[in-house]
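The values are calculated or read from the model by the stated rules, or taken from the named source; none is laboratory data. Quick caveat: nothing in here was measured; it's all calculated off a predicted structure. Don't worry about glycine lacking a Cβ; one is built from the backbone with ideal geometry, like all the others, and counts go over all protein chains shown.
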């Protein structure tokens, strides 16, 4: 039996297998609509996340399975002082697989060590969120046709954005990928990623401050939100925030095939006017998220039974 | 594909069709128990409403379908600043139909403009609540046999009560309906309804202050709650509140066939002693609410597929 | 139609029947996986209890049924002033059976008097929690082979612990059961239990302060939590709390067949190091809780249909 804590728990071959399965699900949904008949997923959300929780629930229901769980810590027994380790042992009696989201780094890992069912980390603090990474990879591979030979721009808060860090880790395993890191000085990608991940693996990258400067060369733009609180002072925020808002005007600078991704929810970093641009892929990404989670659930249950 | 925002979105013929279907569901529930196999409803409740939410969920489950969603804004991604328009685009990837309740007028409409699945307004602030109106119409037609030729009393807070306004709008489309509007001066039906809806359409109505004065002539009494906060002063409230409490004594003034309806929850405006009176129809109304919603879900899904 | 408010609502024969059914479910789960197809349980949790709620939900899903409900009062219509009596009449239109947890003693009973579906008390304040008692009895009978001829130790807060009181009431109905009551002076079993339940029925018992003194003679140790707030002063708490923490060292004093039970959640009254001891039965108890609830649901639905 295996768990999924970190996207890197999976080899490139295993990820390819999951993405292949997801594409087959997309093409033939009815073939899979009873694969999980009689099975249950527990969604243990110690912090609310409608998007991720409902994506797991839709995935399991699409497979014929059922759902139980909680959507916030307030309605969980954590309020009575129960440890995550004890909760997962309880949940192992109730469900066949589980997705856990917890504000504390490592909580999902602790759960996995005591669990008798496969555990999926559905986000632990600022740390890991592997099903978002699978979703991103599936979206890119499905819409671009490949995961290698890409120039990928990441824009916004690259310091705290866990989805960015995870996707960088995942994509450097494919040949000929280069990155353009677009952020204000305060929110640059952490140095350990630049040095230990990118430089050490000879992955080409550059850093720029203005989105306009990066757009023409990108195959893919991954937008994230810039929270005002992250800036050292109001002045810097006001001066720079427009650099990180993607609008119709800026989209003119991009190539005809440049995809726009975003982990959502977006606030104002992508103007609503961009939604109708055929290059906007962030709502398709939501749909791919369901297929990716369906494929993951099936794969972990298959590994459990081997 | 169509949505349901306002009861008047439906023609009289369409409403009759939905009520016919609801009565057939009531008579032959097993005929419908697999009509929505493999389908999902999303219940997006930005404010809690157990009655309405569970009615939708029971309806979908009775049809063989499944449910996902959230029961309060606190556990939704609205707390992260996501717009309703973005949420519905996400939900369109997860479910086949959705019911949305939102404290803000027009929120369900905004959702419907961006949705790729049918959207049902399950209440937007004090504005519209069309499935309550369908429920009321189904209850009346099922128990009275017809929706025309009725003298209908509305009692309580007629100023703010959206269920009252909606039902007036819906019933004036049937011939020979007259209204008795029973309320304190402060809580009279708004003048636009008296002038633009009733007078302009030559619908007979009268206004009275005391429930006792109206009871003898009613075919139907629709009770609503009078909240203390609505009164200008404590004195008026104390003087008048008993006028608006229906008890056994007042029921003696009513005809043997007069139905009592209430959208529920009730607080004290109908004494518990009335519950056993055969004319009390407010709990039957709950059951009709499930049939009405089953019929509506089936109808909207049929229209989507045409 | 019958409800379950109190474990003593069931005769010894009826309990034996439910436990037999639970064991058959454990042995042949697939035989029962469609027994509740098309049926729904409503879980009405006016106070959160993940463990109990999810146990009911897992039980109903294992039987092929569906679930609806709420997990806290905040998302229920109780906030609008609706009585439990009105809520259950609504729920009777939505579901086939219901489990209700309410902080107020007697709330489940009030619900049962107005319900047209079987009501299970899933805990009413410090009062009753009959499915925990069924779970405890099933665990003991399954692992020990019998419910008579046992020396049972209860340890911790025996004053407020409703699970302890209920299990004492239930077990004195079996022959040759004796109790060892292990608690600080402040948290002794209430005198009405000692006098009216134990002494009056000639059930042998003794009271001790230190867990070590009781362990050698027990067939079964039922642990509960000692909350700091229960003590009259900090000094007493500090002096005594270690008496009530079960660890590896203390387990050496116990017999090779002594079972350890706990209603969970535990905080620190059983050291994590005890979990791997084969005598630790508290996680198995969770699994038996699902079987017990499956058997109870089937039994109440069968009685309803008779």
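Things worth noting here:
- Where helices (runs of 4 or more DSSP H) fall entirely within the stretch A:207-306, those with at least 1 residues that are farther than 29 Å from residue B:84 by Cα and touching a strand residue (DSSP E or B) at 6+ places or on another chain (Cβ under 8 Å) are at A:211-214, A:282-305.
- Among the residues making up the stretch A:46-70, those that are assigned to a helix (DSSP H, G or I) and more than 8 Å from chain B (Cβ to nearest Cβ) are A:52, A:53, A:56, A:59, A:60, A:62.
- Any hit, the stretch A:67-76, residues being modelled with pLDDT of 95 or more and under 21 Å from the mean Cα position of the chain (by Cα): no
- Given (1) surrounded by fewer than 18 Cβ atoms within 10 Å (Cβ to Cβ); (2) touching a helix residue (DSSP H, G or I) at 6+ places or on another chain (Cβ under 9 Å), index of the condition residue B:49 fails: (1)
- The lone criterion from (1) in the same structural domain as residue C:222 (by TED's automatic domain parsing); (2) at pLDDT below 95 left unmet by residue C:103 is number (1).
- Residue within the stretch A:285-299 that is crowded, with 20+ Cβ neighbours inside 10 Å, at pLDDT below 95 and in contact with a helix residue (DSSP H, G or I) (Cβ under 7 Å, 6 or more places away or on another chain) present: no
- Qualifying residue in the stretch C:91-99 (condition: surrounded by fewer than 20 Cβ atoms within 10 Å (Cβ to Cβ) and either touching a helix residue (DSSP H, G or I) at 6+ places or on another chain (Cβ under 8 Å) or closer than 12 Å to residue C:45 by Cβ (or both)): no
- Within the stretch A:158-181, tally of residues that are touching a residue at least 40 places away in the same chain (Cβ under 8 Å) and surrounded by fewer than 20 Cβ atoms within 10 Å (Cβ to Cβ): 5
- Options B:52, B:135; residue that is outside the structural domain of residue B:11 (by TED's automatic domain parsing) and over 20 Å from residue A:267 (Cα atoms): B:135
- Across the stretch C:33-45, the qualifying residues are those that are away from chain A (no Cβ under 11 Å) and more than 21 Å from residue C:132 (Cα to Cα), and the one among them that is surrounded by the fewest Cβ atoms within 10 Å (Cβ to Cβ) is C:37.
- Screening the stretch B:76-110 for residues that are free of Cβ contacts under 8 Å to residues at least 40 places away in the same chain and touching a strand residue (DSSP E or B) at 6+ places or on another chain (Cβ under 6 Å) and picking the one that is farthest from the other protein chains (Cβ to nearest Cβ) gives B:105.
- Subset of the stretch A:179-206 (residues that are touching a helix residue (DSSP H, G or I) at 6+ places or on another chain (Cβ under 9 Å) and outside any loop (DSSP other than H, G, I, E, B)): A:179, A:180, A:181, A:182, A:185, A:186, A:187, A:193, A:197, A:198, A:205, A:206
- Residues that are surrounded by 20 or more Cβ atoms within 10 Å (Cβ to Cβ) and either farther than 23 Å from residue B:142 by Cβ or free of Cβ contacts under 8 Å to residues at least 24 places away in the same chain (or both), drawn from the stretch B:211-227: B:211, B:214, B:225, B:226
- Of all the criteria given as (1) away from chain C (no Cβ under 14 Å); (2) part of a strand (DSSP E or B), the one not satisfied by residue A:158 is (2).
- Those residues of the stretch C:84-109 which are farther than 18 Å from residue C:125 by Cβ and not in a strand (DSSP E or B), in sequence order: C:86, C:89, C:90, C:91, C:92, C:93, C:94, C:95, C:96
- Some residue of the stretch B:163-175 being out of contact with any strand residue (DSSP E or B) (no Cβ under 9 Å at 6 or more places or on another chain), closer than 23 Å to residue B:239 by Cα and part of a helix (DSSP H, G or I): no
- Of everything in the stretch C:243-284 that is facing chain A (nearest Cβ under 9 Å) and at pLDDT below 95, the residue that is farthest from residue A:92 (Cα to Cα) is C:268.
- As a summary of the residue check, residue A:184 satisfies the conditions (1) in contact with a strand residue (DSSP E or B) (Cβ under 9 Å, 6 or more places away or on another chain); (2) crowded, with 21+ Cβ neighbours inside 10 Å except for the one numbered (1).
- Cβ-Cβ distances below 7 Å connect the following pairs, each with a first residue in the stretch C:1-30 that is loosely packed, with under 14 Cβ neighbours inside 10 Å, a second residue that is at pLDDT 95 or above, and a separation of six or more residues or different chains: C:12/C:173.
- Unmet requirement for residue C:34, which otherwise passes all of (1) assigned to a strand (DSSP E or B); (2) at pLDDT 95 or above: (1)
- Subset tally (residues that are at positive phi and not in a loop (DSSP other than H, G, I, E, B)) for the stretch B:110-148: 1
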